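What follows is a set of notes on a single structure, which appears directly below.
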Amino acid sequence: CGKTLVIALWGYLLLGIGGIWVYGPLWVSVDRILLGGFAAGEMASGTAIISQWYHGKARLSVIAKQGMAIELGGVIILFLGGLLSEIDWRAPFLLYGLALFCLVLTAISIPRNEPETQPVTIGKGGEVNENLRPVLINAVLAMSLFFSMFITLPSHLGDLGYSEAETGYLLSFISLMAVLSALVMPRVVHAKSEKVTLFLAFISFAAAHAIFAIAETTSLLLSAAVRRIWGEI
């Protein structure tokens, strides 16, 4: 998992900054698709590393902290992206350079040796553990909902007359709401259950997307962003 994370970070760094020199719809699409693949590699390997080294309540706690760190970083990055876009269209691409800093942290903080026990994810014959199939389905649906919003919302906001900076501010506000959701997530799981938490998350996702689709005012957009607090859990 550590090697996968390093490879993914290098790909994310090179393809991210490399977007400055890519022109034309075809090559831009290719660059972004490959970049998305490396971003998925980062997310998957990071979560796998957590599952290797933490178990039970400790794992849930670290995953919650991971979510807070990711979304708080999103608040800062999206805010800076909006500001940099008004200086020059190339400037936001420089933010991908943070991957180099993450590579240094990876080399320093992640142990090279594997833990004694590994999570049971593969059954006999190499097939996926049957108990994980619902988890995989839910994860695919959740990520599809998550990224579809971030892909389509900037275009929708542009049609409503919002500037690049204002779009960045709203996206950073959404990420700030996600920080709050990650903070309360372990408490909700403890008070209710994992299934109830997932149910609330998908209901909130649906409500947020519906409001985003019809929103034409800032107040409705902010309402949808708040709705995503439970969706981010």
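Quick notes on this structure:
- Spatial separation of Cα centroids for the range 76-93 and the range 138-194, in angstrom: 19
- In the full protein context, the range 34-121 carries 62 Å² of accessible surface per residue, based on a 1.4 Å probe and ignoring ligands, DNA and RNA.
- Förster radius 25 Å - calculated FRET efficiency between Asp159 and Leu180 (Cβ-Cβ, nearest 0.05): 0.30
- Vicinal HN-Hα couplings computed from phi for the range 12-26 (Karplus, 6.51 cos²θ - 1.76 cosθ + 1.60; Hz; Gly/Pro x): 4, 5, 5, 6, x, 5, x, x, 4, 9, 9, 10, x, x, 5
- Across the range 1-62, the volume of the C-alpha convex hull divided among the residues equals 71 Å³ per residue.
- Gained length - Asn131 relative to Ser219, 0.36 nm times residue gap less alpha-carbon distance: 27.5 nm
- Counting only heavy atoms of the protein chains and using a 1.4 Å probe, Tyr23 has close to 140 Å² of accessible surface.
- For the chain, carbon and sulfur atoms together expose 71% of the accessible surface, with a 1.4 angstrom probe and every protein chain in place.
- As computed over the chain, the Cα convex hull volume per residue (Å³): 140
- FRET efficiency, 1/(1 + (r/R0)^6) with R0 22 Å, evaluated for Ala91 and Tyr23 via beta carbons: 0.80
- The chain: calculated mean residue ellipticity at 222 nm from DSSP helix runs of at least 4, using -39500 (n - 2.57): -27000 deg cm²/dmol
- ³J(HN,Hα) computed for each position of the range 164-175 - Karplus, 6.51 cos²θ - 1.76 cosθ + 1.60, integer Hz, glycine/proline x: 4, 5, 5, 4, x, 5, 5, 5, 5, 5, 4, 5
The values are calculated or read from the model by the stated rules, or taken from the named source; none is laboratory data. These numbers were taken from a predicted model, which means no experiment stands behind them. Positions of Cβ are generated from backbone atoms using ideal geometry, with glycine treated the same way; all protein chains shown enter the neighbour counts. For the accessible areas, the whole protein counts, side chains as well, though only heavy atoms, and no ligand, DNA or RNA atoms are used. Shrake-Rupley method; radii C 1.70, N 1.55, O 1.52, S 1.80 Å.
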